[in-house]
Structures are given as structure tokens and as C-alpha cells.
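Here is the structure we will look at.
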Amino acid sequence: MKIEPIYLLVFMLFSITFSACKERKGATDEFLEKDNATENTTIPEGYVMVWHEEFDTPRLFGGRPALPDTNRWYYETGNHGWGNNELQNYIPGVEGTDTCVMVSDGTLKIILKKKENEVISARINSKESWKYGYFEGRMKLPRGKGTWPAFWMMPEEGHTWPDDGEIDIMEEVGYRPNWVVSTIHCKAYYHSIGTQKTGEKYIPAAQDDFHVYSVEWTEDYIHGYVDGERYFTFENDKQGNKDTWPFDTPFYLKLNLAWGGDWGGVEGVDESSLPAIFEIDYIRVFQKSK
């Protein structure tokens, strides 16, 4: 029986795709079986992995970079200033010929770039939320005055900021390169009234090398870490007062790269540093085993 060339091409493409998916599934299964799905020895005792994103999506047909899985992530878009007078316009990953987010070579890249008379970037959120756990990401930070990368958490049912809480796992601003910060915000403690609870640590070459940024969040405390070393502690005062501890509801994860703003732009912005890239190797979520 003669096979038409078009059908042969379709069959070949299907076979390649099926093999790639099968190979990836096998790799993922092996990953999940090994040491609670991590080789990182900094995970606190008693935790097991419940969710992870390795950003290992193969390149699309034709060699084009892939995008984050929209079954797991969604975009926030617009140039609203985001409460901090930020200057960037967040686009939905790809807009026309402009790409501000891609998955390639095993990492997620969030790209801050100039487009005509504006600066564009991306902000993505996890579709899943968790109450308590150990949350970590391995990342390399961008360069340039005006950059403001963030790995943070907001409440699933948040309606009022800062009353409903915010957990900042890692932030850095480009005018203070390699100084990383972990912070919480709530009604009693936040930066606008100068009462925020925060910790900071200098990490040499954080803009050149990957480091692991994490928080452990329990009903008793929130601890911030970098490479397994704790540098921030916020304890529940056990007063049952939401003003001082609103951290008993599910929170979701956020990744973004901002430009300027009340903190990122304190010393101005330097457009010669664009494009700037915030690179994320993986995000992993652990919770206490039952």
C-alpha cells in the first residue's frame, strides 16, 4: 500500500512527540522516586514534595522555546504600577514578536526589555495554593539599576493588602546587587508605615550563579533561607489577631521581574542594562508528611 508523503510526515511527527513525552514522563517518575524528589539536603526533616516545576519542557517544533505550562501558571498583565509605582508593562508572555518569558535549556527566563517607548516584562502565578509548607526556588538574578526580581506568595482569597498578608521569599533590587531580602507584610507590619519584618543577606555573585531561596512556613513561624542558611525569622504571636498573623490560609506562588518603582527605582533606572533576565531553574513545594 502506498503511503502519501503528507501522512508519512504526520506519522513521523506523532512518533517524535510521543517518544519525547514518554521520555519526559520516565524522567519525571524517576525524579519523584529519588529522595522525596530532591537531592537538596536543606529540606527540613519531615517534609515530602507535593508539587514541583522543573521547567524542562522540550523546545517546540522548529526549535522555538516553549512557554510555562498554562495548566500550572497564569499571567498578570498591564502597566498598573502594581501599588509600587513600577514602570514596566507586564505582557502575557509573548505578544506579537516580543517574548518576555520562555522555557529553554532547562530553565525559565523572565525577560525585561525595551519595546519602543515602554519597558515590558512578565509576571506569572501558580494556579495551585498551599497552606503551610517549605517552598524553594533555584534562581540566578538579573543585573542592572532598576531591576526588581521577586519570588513571593499571596493569599488565594486575598482582598485587602496588606491585611490579608504577603510572604516574600526572595527579592533583590539592582542598585543593591547581591543583597537578597525575605519579608512578610500584614496590617501591623508593612513597609509603608516602617514596621515591616524583614531579613537580608549578602550573596556574592547572586547575579552570576544560581542559589536556592526558600521559606519554611508553619502555624508557628515563617523562616527565610538562602542555600539552606536561615537569615529571617517571623514568629506567630499566638494572639489570634489577623493584624499580626494572617498566615493561616492558602497562598499561591508568584514570579516576576519589575522595573523601577518605589524600591527598585530609588536610585533611578539604567536602560542600558536592558534586556535583563531573571532565570529560574526550578520551583518545589514540600509539606509535612501525614
Run the dipole for the stretch 132-290 about the Cα centre, Lys and Arg Cβ at +1, Asp and Glu Cβ at -1, nothing else charged, and hand back the magnitude in debye, nearest 20.
200
Quick check on packing: order 236-244, 264-272 by the mean number of other C-beta atoms within 10 Å, highest mean leading.
264-272, 236-244
Taking Cα centroids, how far is the stretch 167-214 from the stretch 244-290 in Å?
9
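Could you order 253, 60 so the one with the most accessible surface comes first? Probe is 1.4 Å. It would help to have the intermediate numbers written out before the result.
On the way: 253 5, 60 75 Å².
Solvent-accessible surface, decreasing: 60, 253.
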What is the distance, in nm, between label points placed 7 Å from the Cα along the Cα-to-Cβ direction at residue 248 and at residue 84?
2.9
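Might you tell me the accessible area per residue for the stretch 184-260, computed with a 1.4 Å probe and given in Å²? Let's see the in-between values first.
On the way: 3320 Å² over 77 residues.
Accessible area per residue: 43 Å².
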Added length on full extension, which subtracts the Cα-Cα distance from 0.36 nm per residue, residue 227 to residue 262:
9.8 nm
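Quick one: pull the percent of accessible area on the stretch 131-236 belonging to carbon and sulfur, 1.4 Å probe, ligands and nucleic acids left out.
On the way: 1740 of 4050 Å².
For the stretch 131-236, the apolar C and S fraction of the accessible surface comes to 43 percent.
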Between the stretch 49-115 and the stretch 123-154, what is the separation of their alpha carbon centroids in Å?
13
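Sort 202, 225 by heavy-atom solvent-accessible area, probe 1.4 angstrom, most to least.
Numbers: 202 110, 225 30 Å².
My answer, sorted largest first, is 202, 225.
Calculate, for the stretch 116-167, the solvent-accessible area per residue in square angstrom, rolling a 1.4 angstrom probe over the heavy atoms of the protein chains. Don't jump to the answer; show the numbers that get you there.
Working: 1920 Å² over 52 residues.
Here the per-residue accessible area is 37 Å².
The values are calculated or read from the model by the stated rules, or taken from the named source; none is laboratory data. Keep in mind that what you see is a predicted model, and the values were worked out from it rather than measured. Note that each Cβ is placed from the backbone with ideal geometry, even for glycine, and that neighbours are counted across all protein chains shown. Note: accessible area is taken over every heavy atom of the protein model, side chains too, but ligands, DNA and RNA are not part of it. Shrake-Rupley method; radii C 1.70, N 1.55, O 1.52, S 1.80 Å.
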